[in-house]
Ligand SMILES: [Zn+2]
């Protein structure tokens, strides 16, 4: 019933180009309500919200000409519940209003559930449920809230997301977290393709075995894992030092750098999604959770200019090391980028960055010696993958450990 309501509403909204929930509700609530009298009335209300988000994103797709469908397809659904439709009874039981009255369901909590319950989070009034026919169970999606004390940032922590690493400037040290995002994305892409080819030949295009093999790659989960761990380290470090995180403002230009040399359009899209958007939103989410402010700066040419002399750096061929055209010193490309992100934020360059009094603004604080290549501290994935935040160890310890 819920699916059918959402479907009708979404189609109606798209057909009439309705983009507001209030308008959709005003036009269709009564009609839907009278058609589904056996359902608690709030289902029509939440279905309106559900349908509206679907209609909106479909209209966006259509505007961008990314779909040639006439109407959105309501395939996967989860049922939206508001505070009238469900409530908890203690910690282990949930009661849901249905067309057959209120029913009680025993909760089998995910281990994160206790983490939130015991960690000072409060349970939100909205929830979603999914009917899992295969496993004969109902899956609950709960929302937890927590108020975080916001703070006035006292310094900045610039973050540069690259195709195969995430570089951050913590204090005066640039840390380069190796991620291999690009290689992994390419690897998964080719593995998927080969599975598809193999199974399509053997069993036909819609075989269940193929889906199972594709799920076996666990691509999404593994990528999320990488992102969340790095986002955790960055956000915790920022919180510890009362810093604001600096991120690049994403634009069309940015992704060019990531996907240079890749012709396949779909593949370019995937790499962009996987690397930039994914990493950025993981950091944004974690920062929000910890109350860490974020500042966005214009990313244009951040790795091209020497942060000390403000003159172009010349990179030969595909090298990540370049030479300053004025001072002659060597720079690592990703280190240049984080320093320049910092200066842009300090200068408030086209962004909403506050400028800090007392924070050194000039290149004088860049720790460089004219003869040495300014290299970041490389941290391999095998190392950072086990960290919860940046451990208080000295740099030379990390370097020694990595050489071993
Ligand atoms: Zn220079």
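Please treat every number below as a calculation from the coordinates, not as lab data. Source: prediction; values computed, not measured. Every residue, glycine as well, gets a Cβ built from its backbone with ideal geometry; the counts of neighbours run over all protein chains shown.
Observations
- Between the range 296-316 and the range 13-66, the Cα center-to-center distance that results, in Å: 48
- Fraction of antiparallel bridges per DSSP, the range 81-145 only, in percent to nearest 5: 95
- Per-bin percent of Cα-Cα distances, the range 81-145 [5 Å]: 4, 15, 27, 30, 15, 6, 2, 0
- Across the range 72-204, Cα-Cα distances exceeding 22 Å account for 66% of all pairs.
- Separation of the range 230-245 from the range 318-349 is 22 Å, based on Cα centroids.
- Cα gyration tensor category, rounded, prolate or oblate, for the range 19-82 with a/c compared to 1.5: prolate
- Cα-based shape type of the range 135-206, given that a ≥ b ≥ c are square roots of the gyration tensor eigenvalues and the cut on a/c is 1.5: oblate
- Pair residue 197, residue 164: separation of 7 Å Cα→Cβ label points (nm): 2.4
- For the range 131-173, a/c is not less than 1.5, where a ≥ b ≥ c are the root eigenvalues of the C-alpha gyration tensor, and a/b does not top b/c. That puts it in the oblate class.
- C-alpha center-to-center spacing [the range 108-150, the range 162-204] in angstrom: 30
- Relative exposure of 6, 105, judged by other C-beta atoms within 10 Å (fewest first): 105, 6
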